[in-house]
Amino acid sequence: MGGSILGVVDAVTALPSGRRLGRFSGRVFRFPAALAIGLALCAWSPAVEARQPPAPPAAQAAAQRWTPQQAQAWYDHQPWLVGANYAASSAINQLEMFQATTFDPVTIDRELGWAHDRFGMNTVRVYLHDLLWAQDPKGFTDRLNQFLAIADRHGIRPVFVLFDSCWDPDPKLGPQHRPIPGVHNSGWVQSPGRDDLVDPRNDARFRDYVQGVVGAFAKDRRVLAWDIWNEPDNPGGGSYNGAQRPQEAARIEALLPQAFAWARSRQPIQPLTSGVWIGPDWSPGAKTLTAIQRAQLDNSDIITFHNYEWPEAFEQRIAQLRPYGRPLIATEWLARGNGSNVDTILPIARRENVGMINWGLVDGAIQTRLPWDSWERPYTLQEPTIWFHDLMHRDGRPYREREAELFRQMAAARTSVPAKAVEAR
């Protein structure tokens, strides 16, 4: 694939130091596999709902955005949220993750078990796709329910991502191509695809997708939150930068608030969000905030963000977002070669009571152990000096045992509310 992710970064003056365009730039079971699959198929039932703890009063569903007080009450009822962005190691993208012929509950069961037992994780962030709903609404919903049953047995509650503006803009159902050797996230696809996105005739289908998926699980306490749109202002990433249709930005600017409204119309008990990731200042009223960023921040019940930078930049982002008076979760972080490391970032987040969902659990088909620059310099002759994202090898061995120890220690530590967070309320 032609093009350079680095050239685009250099052209974007608003990009914080060290950040590159294009995310990836990227929880088990002790049951025998056959039993795990069978249990997952039948686990969604009134009995499952009955054994979930009652929802906090402040988190009761309403068709309006939660107030800061409601959002904080919800957050106060959670453990410290820690997890990873997750795609099964056998899946190259969202479609392969959830299409009927490639859905892999055995691998999901094993890997989510490692996430909980070896890293103390209690959440994962999982990407869905509008084409999966268009292809087979019932089958897709059933597989999501099966995924939730597996995750629930491991004490993991996922954040589901509905739309995504990163990587290949022309998704297609059916068999997906194999990973390109040496290239980071070589098969990930946008949702919706660019041609569908710019055609307003598809809005009804997008609405049905959002309302159908959120509606199916709106009262399900196995779901932690809904991430409406991942990096909606991302131009693609990798070799896809510059491949946008001229109308895309304007369409997303119009669709993003509608997508929030479609989800809210199902009155979910879970919070809605869309994470900011680019630009110099996310503070309330900052002059550099774009229309899309304002839509993200103005519609989110909880504030989420992405940060792949040095510890001091991570702390600066927290300071910018505290004045919104809402819980903070970093839904993407960890880029070892870029300064975002477990040893330095995770303790800051624990101290500040910021939820943390790093990029990458198990090294797999998305190949996000490889850095972003692999799009122009594929790592085919030798591995990078250090892994970029991801925490485990395919056999479950931690990339660094010390990282696994830190995750477990931080997850087990008691939560204290930072003074600045109290002041922001």
Worksheet item: Convex hull volume of the Cα atoms in segment 106-167, per residue, in Å³?
Response: 98
Discussion item. Rolling a 1.4 Å sphere over the protein heavy atoms, what is the accessible area per residue of segment 84-151, to the nearest Å²?
Written reply: 23
Discussion item. P(r) for segment 318-421, please, calculated from all Cα pair distances in 10 Å bins and given in %.
Written reply: 13, 42, 29, 14, 3, 0
Worksheet item: So which aspartates and glutamates pass the test for residue 219, namely a Cα distance under 13 Å, with those fewer than 8 places away in the same chain ruled out?
Response: 49
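Given Cα pairs under 8 Å that are at least 6 residues apart, what percent is the relative contact order of segment 240-383? Intermediate results must be reported in sequence, preceding the final value.
Numbers: 162 pairs, mean separation 25.5, N = 144.
Here the relative contact order equals 18 percent.
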Worksheet entry | Mean-position separation - Cα centroids, segment 323-365 and segment 188-260, in angstrom | 24
Worksheet item: If you line up the Cα atoms of segment 259-315 on their principal axes, what length do they span on each, largest first, in Å?
Response: 39, 23, 14
Item to complete: Please list 243-252, 93-102 highest first by mean number of surrounding beta-carbon atoms within 10 Å per residue.
Response: 93-102, 243-252
Worksheet item: Can you give me the relative contact order of segment 192-264 as a percent, contacts being Cα pairs under 8 Å and 6 or more apart?
Response: 47
Fill in: segment 344-420: trypsin sites (Lys or Arg not before Pro) falling in loop per DSSP and having at most 10 other Cβ within 10 Å
414
Fill in: Taking N as its residue count, the alpha carbon Rg of segment 361-407 over 2.2 N^0.38 Å
1.20
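The values are calculated or read from the model by the stated rules, or taken from the named source; none is laboratory data. In this text the structure is predicted, and so the values were computed from the model without any measurement. Glycine gets a Cβ as well: all are built from the backbone with ideal geometry, and neighbour counts include every protein chain shown. Note: accessible area is taken over every heavy atom of the protein model, side chains too, but ligands, DNA and RNA are not part of it. Shrake-Rupley method; radii C 1.70, N 1.55, O 1.52, S 1.80 Å.
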